[in-house]
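Report on the structure given below.
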Amino acid sequence: MTELKKYRWLMLFILGAIYFLACLHRTAPTVIARDLMQAFQADAALLGLIASAYFFLYSAVQPPVGILSDTIGPRKVVVIFTIISAAGCIVFSTASTVNGAVFGRALIGAGVGGIFIPSLKIFSRWYHADEFAGITGIMLAIGSIGGIAATLPLTYLVLFFGWRMSFAVIGVLALLCAMICWLIIKDRPEEKNWPSIGTETLQEVTEDTSEITMPLFERLSIIFTNSRFWMVTIASFFAGSTFLTFQGLWAVPYLTDVFLLSRAKAGGLLMLLPLGFSIGAVSFGPLTAKLGLNRNRLFLNSVIICILCWIILLLFNGQESYLFIIPLFLIMGICVGGILPILMTTVKELFPLELTGTAVGLMNPAAFLGTAIFQPVTGFLLDRSGVLESGAYPLAAYRSIFVVFLISFILTYLCSYLVFRKEE
């Protein structure tokens, strides 16, 4: 293996480790949902607000993160924002009030929001164009492993050490990753005296002013006047927010309330969602590139499968065995894990390289903004249905949010169909 390949693997490992922690935070609230409700005397709506603070700030920082990645450099962006996320972990772990918990989650969301987009910018300079979709899928798969770690592993960590100590440790790990990133990661191959190998042309490498001198208004005008950009963004909004809301907040309460499972067993079943996500993230790229499958049809068929999965959950009458959840969660994870990299790649192909950071940075927050909205709204729907004497929510309460999720995926299909129809 050449030095270049070794370095690219090292770079992927470091950036992947940071993104691993970022995705762990997305799913963590579902594991500690009951702990947070007890610690802060919160109902489902208030719990949704605490969890959604992450996504509000995550989505808010995406546009400036994309612009900063195109100007000051992606390496600096990753380091600065990872330090912010570490501070957020400490604040969250020591919070004594709901306001403190919300502020801590908000800091975490703002911090980890500066990781994925600059990482893609770095990869665009270190990998050839035909490798980009694959490396994006691998990065998403690594993040999905973070989601897996936030299920059963985090469940046992919390059971042994408590949720506060667990998040303090995660904050220290994030700070360590930021230091390693600053010391090792480079924005371009030229900084290590290697020739350009990414998607930039030689002129763009030697005359690196196009990224900096294009006025912000001109950047935004080019992107916002592209109707296909908006359709992709809306599709990402509904598909991503539905998946993140269910996986990140209500999946474990659903399993414990409806099937009366222990938190450990529910955490084990929850692993199937991020596990499937990682499988889909790394497999859809090769399926389209190596096997010649139509990317657009693969995307649309995957959305249809997700729609069918939500219909099954909606029709469940409370008497079936929980074992049917195993294939259902796995299939849902695979489909969503596969379609999100396709959306990223579609946006990347809509614009020239000097706009990729800004364009993806404007599209990427859609799913997280949607999650920030969906989590408290679905919490309100659960509270409106009332609770049982045991303190659990009835099946009817979860059905009310499954209706919202089903409609969201139907809208995802309609928006993506309009985009891909124009490509044919």
Next on the checklist: Which residue is farthest from Leu249 (Cα to Cα), if the candidates are limited to segment 120-140 and must be of a type outside the set (Gly, Ala, Ser) and surrounded by fewer than 20 Cβ atoms within 10 Å (Cβ to Cβ)?
Outcome noted: His128
Next on the checklist: Given the options Leu260, Leu275, Leu255, name the one that is modelled with pLDDT under 90, assigned to a helix (DSSP H, G or I) and either under 21 Å from Tyr413 (Cβ atoms) or hydrophobic (A, V, I, L, M, F, W, C) (or both).
Outcome noted: Leu275
Checklist entry - Does segment 291-299 contain any residue that is of a type in the set (D, E, K, R) and either closer than 25 Å to Ala28 by Cα or not in a loop (DSSP other than H, G, I, E, B) (or both)? => result yes
Checklist entry - Going by the conditions given, is Tyr58 part of a helix (DSSP H, G or I), closer than 26 Å to Phe224 by Cβ, hydroxyl-bearing (Ser, Thr, Tyr) and modelled with pLDDT of 85 or more? => result yes
Checklist entry - Residue check: is Gly338 without any contact (Cβ under 8 Å) to a residue 60 or more places away in the chain and in a helix (DSSP H, G or I)? => result yes
Checklist entry - Picking from Leu406, Leu411, Leu313, Leu350, which residue would you name as being more than 20 Å from Tyr58 (Cβ to Cβ), more than 22 Å from the chain's Cα centre (by Cα) and among the hydrophobic types (A, V, I, L, M, F, W, C)? => result Leu313
Checklist outcome for this item: Taking segment 30-49 and the residues there that are of a type in the set (S, T, N, Q) and surrounded by fewer than 17 Cβ atoms within 10 Å (Cβ to Cβ), the one that is farthest from Ala150 (Cα to Cα) would be Gln41
Checklist entry - From the list Gly143, Gly104, which one is modelled with pLDDT of 85 or more and either over 20 Å from Val65 (Cα atoms) or crowded, with 23+ Cβ neighbours inside 10 Å (or both)? => result Gly104
Item to check | Verdict on Val387 being modelled with pLDDT under 95, outside any helix (DSSP H, G or I) and either crowded, with 17+ Cβ neighbours inside 10 Å or out of contact with any Cys (no Cβ under 6 Å at 6 or more places or on another chain) (or both) | outcome: yes
Next on the checklist: Regarding segment 82-91, can at least one residue be identified that is of a type outside the set (Phe, Trp, Tyr), in a helix (DSSP H, G or I) and over 21 Å from the mean Cα position of the chain (by Cα)?
Outcome noted: yes
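Residue check: is Ile311 loosely packed, with under 15 Cβ neighbours inside 10 Å, at pLDDT 90 or above and not small (Gly, Ala, Ser)?
Yes, satisfied.
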Checklist entry - Which one of these does Ser408 not meet: (1) touching a helix residue (DSSP H, G or I) at 6+ places or on another chain (Cβ under 6 Å); (2) of a type in the set (S, T, N, Q); (3) over 21 Å from Leu273 (Cα atoms)? => result (3)
Checklist outcome for this item: Here the residues within segment 190-221 that are out of contact with any helix residue (DSSP H, G or I) (no Cβ under 6 Å at 6 or more places or on another chain), more than 30 Å from Phe409 (Cβ to Cβ), in a helix (DSSP H, G or I) and modelled with pLDDT of 70 or more are Glu190, Glu191, Lys192, Leu216, Phe217, Glu218, Ser221
Item to check | Selection count, segment 1-36, where residues are within 30 Å of Ser262 (Cα to Cα) and among the acidic types (Asp, Glu) | outcome: 1
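The values are calculated or read from the model by the stated rules, or taken from the named source; none is laboratory data. Just so it is clear, the model here is predicted, and its values are computed rather than measured. Note: ideal-geometry Cβ built from the backbone for every residue, glycine included; neighbour counts use all protein chains shown.
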